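Chemist: Please see the structure below; I have some questions.
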Amino acid sequence: MKNRKKRLIILLFDYDGTIIDSVNLAYKIFKNIAKEYGLASPKSIKHFVEFYNINFYESLLTRGLLKIHLSKFINEFRQPFLDYEKKMKIFPYMKETIKKLSKKAKIFIITSNLSDVIESSIKAHKIEHVSAVIGADNGIGKVNAIKLIKKRFPKAIIYYIGDTSGDMIEAKKAGVKTIGVTWGYHSRLKLKETDPDFIVSAPKDLLKIID
Ligand SMILES: [Mg+2]
C-alpha cells in the first residue's frame, strides 16, 4: 500500500542515569538526609543503586520511610539537584542523539525527579526537542505517567528508555516497549533480569532501534 501513514513514535526518556550522570550526587544527598527519615544509610553506591530495583519511592517505603513523609522527602532529596545542575554531565553523544531521534519521534521525559528540577536542568544543558517533562511532583509513579501518555496518543508506538530494573518493571506494567541503557545506575546483567525488549550500550544504538 502506498502512502500509508506512518504510526507516531513516542519516546519516553528517564532522566537521571539515562540522560544525565547523577548517581554520585544522588548518593551524596541521600546519605545526608537518610537518617532524618529513619532510613539506613547505604554503605556504598553499589548498595544505593539497589533501591532502584523497583520504583525508588516504593523501595524506600519498604525500607522504613513513612508515607506521610514522602512528599517532604522527595523535595529534600531533589531540590539540591538545582545547585549542582551545571556540574552534572550529560552522557556523551546523548544530546545529539536526542536531536536526531526528535526527527523521527515525539520525546517526553518521565522521571521520579521533580518536573521543575528537570526542566531547569534541560534548560541549563540546552537539551532541546523535549515536548514535556512529567515528574514525581504529584506523587504519580512512572506507571501512571506512562498510562497518561498512552491515553493521549492511543495509536502511537511507545518506548520507555531507562537505566534501572525499576524503570523496566514500571514500563512493562504500563504496557509499552522497553529499552534498557547500560551507562546508568544498573548494569547490563542487572537490567537483563527484567527482560527488556532491547538493551543498548551507547546512545547512538538508540538510532538503530528507532528507525
Ligand atoms: Mg534513571
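Chemist: Looking only at 114, 11, 65, which one moves most when the chain is put into a Gaussian network model with springs between Cα atoms under 10 Å?
Modeler: Maximum fluctuation in the GNM of the chain, among the listed residues, is at 65.
Chemist: Let me ask another. What does the C-alpha gyration tensor say about the overall shape of segment 146-211? Classify as rounded when a/c is under 1.5, otherwise prolate if a/b is larger than b/c, or oblate.
Modeler: Note, shape of segment 146-211 comes out oblate.
Chemist: Where the only charges are on Cβ atoms (+1 Lys, Arg; -1 Asp, Glu), what is the dipole of the chain about its Cα centre, to the nearest 20 debye?
Modeler: It works out to roughly 1020 debye.
Chemist: Mind checking the angle between helix 23-33 and the chain's longest principal axis? C-alpha axes, 0 to 90 degrees, to the nearest 10.
Modeler: On a 0 to 90 degree scale, this one is about 30.
Chemist: If you wrap a convex hull around the C-alpha atoms of segment 23-84 and split its volume per residue, what is the figure in Å³?
Modeler: Convex hull volume per residue, Cα atoms: 78 Å³.
Chemist: What's the center-to-center distance, using Cα atoms, between segment 1-41 and segment 176-211 in Å?
Modeler: That distance is 13 Å.
Chemist: Sticking with this structure for a sec: If the limit is 29 Å between Cα atoms, which of 46/89; 72/106; 150/190; 43/86 go over it?
Modeler: Among 46/89; 72/106; 150/190; 43/86, the Cα-Cα distance tops 29 Å for 72/106.
Chemist: Oh, and also: Between residue 72 and residue 202, what is the FRET efficiency for a Förster distance of 30 Å, r being their Cβ-Cβ separation, to the nearest 0.05?
Modeler: 0.20
Chemist: Using a 1.4 Å probe on the protein heavy atoms, what percent of the accessible area of the chain belongs to carbon and sulfur?
Modeler: That fraction is 53 percent.
Chemist: How compact and how long is the chain, expressed as Rg and Dmax of its alpha-carbon atoms in Å?
Modeler: Both quantities, over Cα of the chain: 16.8, 63 Å.
Chemist: Roughly what angle does helix 165-174 make with the longest principal axis of the chain, taking Cα atoms, 0 to 90 degrees, to the nearest 10?
Modeler: The angle comes out at about 50 degrees.
The values are calculated or read from the model by the stated rules, or taken from the named source; none is laboratory data. On a predicted model such as this, the values are computed, not experimentally measured, just so you know. As a convention, Cβ positions derive from the backbone with ideal geometry for all residues, glycine included, and neighbour counts pool all protein chains shown. For the accessible areas, the whole protein counts, side chains as well, though only heavy atoms, and no ligand, DNA or RNA atoms are used. Shrake-Rupley method; radii C 1.70, N 1.55, O 1.52, S 1.80 Å.
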